[in-house]
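Enquirer: Structure in structure tokens, see below.
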Amino acid sequence: MDPADMGDDLERVLLTEEQLGARLDEMAAQIDADYAGRDLLMVGVLKGAVMVMADLARRLHTAVEMDWMAVSSYGAGTTSSGVVRILKDLDADLTGRDVLIVEDIIDSGLTLSWLLSNLRSRGPASVEIATMLRKPEAAKVEVDVRYVGFDIPTDFVVGYGLDFAEKYRNLPFVGTLAPHVYGD
Ligand code: PRP
């Protein structure tokens, strides 16, 4: 898809495919350097992290293991409650492993905060986080994030894994959604 395919549902392109790609190159180089000689397990959080996981992992010069978790936040609406239910757990045993959680976005931080303590309780050697996007002004809890693609404003964004009502995940760029789409 390109911006024209969204018609007037797109307000503006926030990050182009090229900008995302260039930042992913830098993040991958940093991860390669940080985990040199180690056996890395990347954990993608479904569904939003599919794009960043695929693009980040393919840029690495190290053979990594990839596993997936699906979680759901209890509570109404589109905001996280911090109470998380595991819909699909990892296949891998984390004991003694170096784990890198891969996310598309950190908004309130509540999902990641819960996930971090859940995974840390399983006896890994280390757990770090990589996220493509972060909304610092939306943070309700501070989460220590090792790799951040871009800090962005609190606008409603879609694309590159992020959806509105399950649509627009397959945009290769990140854009803000026109308010008429989500009902403002
Ligand atoms: C998104 C995102 C994070 C979470 C971040 O997932 O992938 O997991 O929200 O929000 P928080 O920082 O406020 O907790 P979502 O629940 O939309 O599921 P999805 O990835 O399947 O779209």
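Enquirer: Report the relative contact order of the chain, percent, no decimals, based on alpha-carbon pairs under 8 angstrom and at least 6 residues apart.
Expert: Result for the chain is 25 percent.
Enquirer: Convert each backbone phi in the range 171-183 into a coupling constant with the Karplus relation 6.51 cos²θ - 1.76 cosθ + 1.60 (shift: θ = phi - 60°), then list the ³J(HN,Hα) values in order as whole Hz, x for Gly and Pro.
Expert: 5, x, 10, 10, x, 8, 8, 5, x, 4, 6, 9, x
Enquirer: Want the number for residue 46 to residue 138: 0.36 nm per residue separation, take away the alpha-carbon distance, what's left?
Expert: Once the chain is fully extended between residue 46 and residue 138, it gains 31.0 nm.
Enquirer: Find the Rg to Rh ratio for the chain, where Rh is the Kirkwood radius over alpha-carbon pairs and Rg uses the same atoms.
Expert: Rounded to two decimals, Rg/Rh equals 0.96.
Enquirer: Two decimals is fine: what's Rg over Rh for the range 129-184, C-alpha atoms, Kirkwood radius as Rh?
Expert: Ratio of gyration radius to Kirkwood radius: 1.00.
Enquirer: Consider a paramagnetic label point 7 Å from the Cα of residue 170 along Cα→Cβ; state which residues of the range 1-25 have an amide N under 14 Å from it.
Expert: Counting backbone N atoms under 14 Å from the label point, the list is 1-2, 5-6.
Enquirer: What nm value, rounded to one decimal, do you get for the distance between residue 92 and residue 121 when each label is placed 7 Å out toward the C-beta?
Expert: Here the modelled spin labels are 2.0 nm apart.
Enquirer: Continuing with the same structure: Give me a comma-separated list of calculated 3J(HN,Hα) values for the range 143-160, in order, Karplus coefficients 6.51, -1.76, 1.60 applied at θ = phi - 60°, integers in Hz, x for any Gly or Pro.
Expert: 10, 7, 10, 6, 10, 10, x, 9, 8, 10, x, 7, 4, 6, 10, 9, x, 6
Enquirer: Follow-up question, since we're still on this one. Show me the GluC sites (Glu not before Pro) within the range 95-145 that DSSP assigns to loop and that have at most 11 other Cβ atoms within 10 Å of their Cβ.
Expert: When the GluC sites (Glu not before Pro) of the range 95-145 are filtered for loop state and at most 11 Cβ neighbours within 10 Å, 142 remain.
Enquirer: Now, a different point. With r as the distance between the Cβ atoms of residue 18 and residue 163 and R0 = 22 Å, compute the FRET efficiency 1/(1 + (r/R0)^6) and round to 0.05.
Expert: Plugging the Cβ-Cβ distance into 1/(1 + (r/R0)^6) gives 0.50.
Enquirer: Next up: Once Rh is set to the Kirkwood radius over Cα pairs, what Stokes-Einstein translational diffusion coefficient, in µm²/s, holds for the range 81-184 at a temperature of 25 °C and a viscosity of 0.890 mPa s?
Expert: 163
Enquirer: So, R0 is 22 Å and r is the distance between the beta-carbons of residue 26 and residue 65; what FRET efficiency does that work out to, to 0.05?
Expert: Computed FRET efficiency for residue 26 and residue 65 comes out at 0.45.
Every read-out reported here was derived from the displayed coordinates using simple, explicitly stated rules and does not represent laboratory data. Quick caveat: nothing in here was measured; it's all calculated off a predicted structure. FYI the Cβ positions are ideal-geometry reconstructions off the backbone, even for glycines, and counts take in every protein chain you see.
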